[in-house]
Amino acid sequence: MVSKAKTERRVLRSFVMIVAIIAVGCSLLVGYSTYRDQQNKKAPERAGNAFLNSLETGGVADAYTQLCSATKKDFSESEFAAYVKQQPAIKSHSPVSTDVRTVNGVTSAVVVMTLVEAGGSHETHSLVLADQSGTWLVCGQPY
């Protein structure tokens, strides 16, 4: 016969193993969720960087191609070029944060950037981007 003490140890050992397996599973799930969240933020940040790089290098026509369809309805390419010319020239930029959300099936992002203007002043600007058919495009007030 198995003693009561041995049975209790087996039950305790089984309980500890189950708790350990659940803890490891939860840790893996949280880790994967965090990894996926970071990956989801990279695409809109890259799109925001590409848009601002185009503006920094004088590629206004290239920047125009990176606007979403709603914003292109507000600006013809020549109007966009005139708008950009009225703005302070951007010397450089750096990302601050990215927030991606899906609301009612529409995925959008806000990429906050620090813009360094040609005169040396710094400005924080939020780029709003929309995922249109798998491509992140700048929407709203470009800068």
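Bear in mind that the values in this text are calculations on the coordinates, not laboratory data. Remember, predicted model here, so these are calculated numbers, not experimental data. Glycine also receives a Cβ, built like all others from the backbone with ideal geometry; neighbour counts cover every protein chain displayed.
Whole number please: convex hull volume per residue, Cα atoms of region 4-139, in Å³. Please report the intermediate quantities before stating the final value.
Numbers: hull volume 18.7 nm³, N = 136.
Normalising the Cα hull of region 4-139 by residue number yields 137 Å³.
Just order 89-97, 44-52, 126-134 by mean Cβ neighbour count inside 10 Å, highest at the front, would you?
Those peptides, ordered most packed to least, come out 44-52, 126-134, 89-97.
Output wanted: per-residue J couplings in Hz (rounded whole) for region 128-143, from phi through Karplus 6.51 cos²θ - 1.76 cosθ + 1.60, θ = phi - 60°, x for Gly and Pro.
9, 10, 10, 8, 10, 6, x, 10, 7, 10, 6, 10, x, 6, x, 5
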